[in-house]
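Contents: one structure, followed by commentary.
Nothing in this text is a laboratory measurement; each read-out follows from the coordinates by a stated rule. Worth saying up front: this structure is predicted, and the values here are computed from it rather than measured. Neighbour counts are summed over all protein chains in view; Cβ atoms, including those assigned to glycine, are modelled from backbone coordinates with ideal geometry.
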Amino acid sequence: MTSIFEREEFNASLFFPRPDASEPPADAIDRFVEVPDAQIHVRCHAPAGARCTLLLFHGNGEVVADYDDAVERFAAAGAALAIADFRGYGRSTGEPTLRTLVSDARTIAAAVPGAPLIVMGRSLGGVAAHELFAHPTERLAGVVLESAFFDLANLIRRRGLTPPAAFTADELAAFDPAPKLARGQLPVLFLHGARDATIEASEAIAAHAAATATADRELVLVPRRGHNDLSGSDVYWDALRGFIDRVVRAAERDPGSVAR
């Protein structure tokens, strides 16, 4: 039987791609990363004084250009921002699926310049960040999960579909955040809106509890914020700035703390 994650009704209800042909700002370069049967559009910004590169896998319905105005905030937190579109989004080619979101993650991270590298997955982009946390690429020094899901069955229910009675071993290995979070050893920051009605904060709490192999895990529930408005809070930027500073300092003190 075909996995529910491969079915048309699941993908049609999960992904909301939109095209975008905007030109990059003056400080940015648009790159295209070759993955099997597709090209991934990545916009790399290079603000002065950045201490690391932060590769962002954005949320559903978003494109790289949506973050052009946020570059200065990320730079103030210490990071040069790079944003990757999913397949079929923006100027990326191909068709988006959950499986390719997982399989493309390491290729994209390996192609983005800069060190140390921090990966951030927002909402659906958390799928890529989970994979990189468990299987880090060279130069990767930390992972941020913003408004990301943890419960695989709830991901299906939010699509209006019924999850199977049990997931196969392949489905769990590919898509379940729990074993990936239990495996990862890099510093990890969980950012989640305390009032998130799309993916409840209880999933972030469970995700934080699952990350048992790392000595540096932090959970920040942003007060009075929901699923899409975390970056409007100073709590969000203070937490991100503190995490970036901690990760960069650790990488400077001990280069062995960065994945190799």
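When only residues in segment 201-236 that are out of contact with any helix residue (DSSP H, G or I) (no Cβ under 8 Å at 6 or more places or on another chain) and of a type in the set (Ser, Thr, Tyr) count, which is surrounded by the fewest Cβ atoms within 10 Å (Cβ to Cβ)?
Selected residue: SER202.
Just to be sure I understand, how many residues within segment 70-89 are among the aromatic types (Phe, Trp, Tyr) and closer than 21 Å to ILE40 by Cα? Steps first, please.
Step one: list which residues in segment 70-89 are among the aromatic types (Phe, Trp, Tyr), which gives 74, 86, 89.
Now drop any that are not closer than 21 Å to ILE40 by Cα, which leaves 86, 89.
Total satisfying the criteria: 2.
Applying the selection to segment 237-260, what residues are farther than 26 Å from HIS135 by Cα and either touching a Cys at 6+ places or on another chain (Cβ under 6 Å) or crowded, with 19+ Cβ neighbours inside 10 Å (or both)?
Pass one, segment 237-260, residues farther than 26 Å from HIS135 by Cα: 237-238.
Listed by number, the list is empty, since nothing qualifies.
Take the residues in segment 205-260 that are within 14 Å of LEU189 (Cβ to Cβ) and assigned to a loop (DSSP other than H, G, I, E, B), then tell me which one is farthest from the chain's Cα centre (by Cα).
Among residues in segment 205-260 that are within 14 Å of LEU189 (Cβ to Cβ) and assigned to a loop (DSSP other than H, G, I, E, B), the one farthest from the chain's Cα centre (by Cα) is ALA215.
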